[in-house]
Amino acid sequence: MSLKRRQFLRLSAGSAALGGSLLYGTPSFSSPAAIQKKTILDRLKPLTDDIVPITVEERKSRIEKAQRLMVEHKIDALLLDSGTSLKYFTGISWWPSERTMIAIIPAHGEVKYISPAFEAERLRELIRIGNDVRVWEEHESPYKQIAVTIRDMSIKTGTIGIEERLRFFIFDGIRKEASHLNYTSGDPVTMPCRLIKHSKRTVPLRAGYLHPDGKLTPLFRTIGIPYGHPGHLHPEARRLFARYEDETMPSGRRR
């Protein structure tokens, strides 16, 4: 049985009120009549019903656009470290540990991945685009494997784009192993792709809002999926919850 947020909030408020009733000797408001009473939470409209997961086809189209931009800017390959751009293009969420795992998007051809050998199977389970995973063992250099993979892409000379989240120690290691290549910012490729917000992306962002009376109200101070301490509530959200308490709690009840 799944519990919706508004049900959770209503039950939480009810539990708090019941505790106060026991402590202060005030009557509990959890009678059937009180439960049936309509409150502001009953007017909240679901914002997640129309959320559709981003498809593999959508991510492939993003990669195709990135490859067109690479050709335009004379960038032969783009290196993606763990983070938002890796998720944006490939759909893979990966923790950025000290063991290097990156994806390489060439200007022409399929995406390739470089992974620690012991993590390779887990990575393969997550991959939906491409199937070429190059591994490195604990006694080997991941940067050498990256340099070899770039060479296997028929990139003997040229320019490699560095996505903004790629950590310096990875870039430094690659640069030492492939000093014959040029390196540049990957922003001319990633930014034009990621700055465009499609409806499929903006709908999930709205999930962090309350929606009473047809008006979007931020739930927390930061935009996004609502996680955080109650102290981080947006001021307007605090006002709405105070209004809910006024509608449900007995008169004279302490907050």
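Number of residues in segment 157-179 that are part of a loop (DSSP other than H, G, I, E, B), in contact (Cβ under 8 Å) with a residue 24 or more places away in the chain and surrounded by fewer than 18 Cβ atoms within 10 Å (Cβ to Cβ) equals 5. V135 satisfies every condition listed in (1) within 13 Å of T90 (Cβ to Cβ); (2) touching a strand residue (DSSP E or B) at 6+ places or on another chain (Cβ under 7 Å) except (1). In this structure, V133 does not satisfy being at pLDDT below 95 and β-branched (V, I, T).
Please go through segment 84-116 and pick out each residue that is within 18 Å of P188 (Cβ to Cβ), under 12 Å from the mean Cα position of the chain (by Cα) and surrounded by fewer than 22 Cβ atoms within 10 Å (Cβ to Cβ). Passing the criteria: T84, Y88. Picking from residues in segment 55-85 that are of a type in the set (S, T, Y) and part of a helix (DSSP H, G or I), the one that is nearest to G130 (Cα to Cα) is S61. Assigned by TED's automatic domain parsing to the domain that holds M191 and more than 21 Å from L166 (Cβ to Cβ), is that true of S61? The answer is yes for S61. Each residue in segment 115-155 was checked for being outside any helix (DSSP H, G or I) and either in contact (Cβ under 8 Å) with a residue 60 or more places away in the chain or touching a helix residue (DSSP H, G or I) at 6+ places or on another chain (Cβ under 9 Å) (or both), and 18 of them qualify.
Every condition in (1) on the phi < 0 side of the Ramachandran plot; (2) over 24 Å from the mean Cα position of the chain (by Cα); (3) touching a residue at least 60 places away in the same chain (Cβ under 8 Å) is met by V71 except one, and the failing one is (3).
The values are calculated or read from the model by the stated rules, or taken from the named source; none is laboratory data. Computed from a predicted structure; not experimentally measured. Note: ideal-geometry Cβ built from the backbone for every residue, glycine included; neighbour counts use all protein chains shown.
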